[in-house]
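S.K.: Here it is: the structure, laid out below.
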Amino acid sequence: MSTHGGHGAGTAIAPHEPVFVGPTRARLEQLFSKYPTKQACLLPALWMVQEARGWVSEQAIGEVAEALGLTPAYVKGVVTFYTMYHTHPVGRHFIQVCTTSPCNICGAEDVVSALLEATGCGDLGATSPDGRFTVIEVECLGACGFATPILVDDDFIENVTPEKVPGILQRYA
């Protein structure tokens, strides 16, 4: 399940359209019966927004807050805490690179540099000019014994070296 819409650099952002209508509203309401409170549905609700739109906008934060009886500030705090939620449009393929100490010792910074160069992103968090990729650093992907791990969309890839980057990116044409 890819959760990354085709929101590349230079793409105009459409006005907010409500996410929780029709079948998506029904899915959200089904969640209410599976959790002890509406607040407990926050992470899945945010995931539903990102699934539908590719990212979580300020307007979507307000929509989630209203649907769950929370404040927009509380929802934004959660959105900005987790790296899995995007607060701006990202490329079709979202690449996370572990740069925690063990991975850094094993060459993570070189992997980051290779990814930024090969994708054309230039900078961490930026989207490539063709809208295909966004690359970020993350604190830990939980695979310290297989440095350097990366996550491309939902694909976990271990033992990445700068030399392997071009071949990896070819899978995401």
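The values are calculated or read from the model by the stated rules, or taken from the named source; none is laboratory data. Because the structure is a prediction, the values reported are computed rather than measured. Here the Cβ is made from the backbone with ideal geometry for all residues, glycine too, and neighbour counts use every protein chain on show.
S.K.: I need a count of the residues in region 30-63 that are closer than 16 Å to P18 by Cβ and in contact (Cβ under 8 Å) with a residue 40 or more places away in the chain.
M.R.: First pass over region 30-63, keeping only residues closer than 16 Å to P18 by Cβ: 45-46, 48-63.
Keeping just the survivors that are in contact (Cβ under 8 Å) with a residue 40 or more places away in the chain gives 50-51, 53-55, 57, 59-60, 63.
Of the residues in region 30-63, 9 are closer than 16 Å to P18 by Cβ and in contact (Cβ under 8 Å) with a residue 40 or more places away in the chain.
S.K.: In addition: F133 passes all but one of (1) outside the structural domain of A45 (by TED's automatic domain parsing); (2) farther than 20 Å from R171 by Cβ; which number fails?
M.R.: F133 satisfies all of (1) outside the structural domain of A45 (by TED's automatic domain parsing); (2) farther than 20 Å from R171 by Cβ except (2).
S.K.: Another question about this same structure. Here is a check on your reading of the model: is F81 among the aromatic types (F, W, Y), within 30 Å of K38 (Cβ to Cβ) and without any contact (Cβ under 8 Å) to a residue 24 or more places away in the chain? Quick ask: steps written out before the conclusion?
M.R.: Details: among the aromatic types (F, W, Y): yes; within 30 Å of K38 (Cβ to Cβ): yes; without any contact (Cβ under 8 Å) to a residue 24 or more places away in the chain: yes.
In short, yes.
S.K.: Condition test on S101, is it over 25 Å from T127 (Cα atoms), of a type outside the set (D, E, K, R) and either in the same structural domain as C144 (by TED's automatic domain parsing) or under 20 Å from the mean Cα position of the chain (by Cα) (or both)? Lay out the reasoning, then the answer.
M.R.: Numbers: over 25 Å from T127 (Cα atoms): yes; of a type outside the set (D, E, K, R): yes; either in the same structural domain as C144 (by TED's automatic domain parsing) or under 20 Å from the mean Cα position of the chain (by Cα) (or both): yes.
Yes.
S.K.: Need the failing condition index for T37 against (1) farther than 29 Å from E139 by Cα; (2) of a type outside the set (G, A, S); (3) modelled with pLDDT under 90, just the number.
M.R.: (3)
S.K.: Does V165 qualify as being β-branched (V, I, T) and more than 18 Å from G91 (Cα to Cα)? Explain how you work it out, then say what you get.
M.R.: On the way: β-branched (V, I, T): yes; more than 18 Å from G91 (Cα to Cα): no.
Spelling it out, it is not the case that V165 is β-branched (V, I, T) and more than 18 Å from G91 (Cα to Cα).
One line per residue, one yes/no per condition, for (1) touching a helix residue (DSSP H, G or I) at 6+ places or on another chain (Cβ under 8 Å); (2) at pLDDT 90 or above:
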site	(1), (2)
C98	yes, yes
N104	no, yes
G107	yes, yes
C121	yes, yes
G131	no, yes
V135	yes, yes
E139	no, no
F146	no, yes
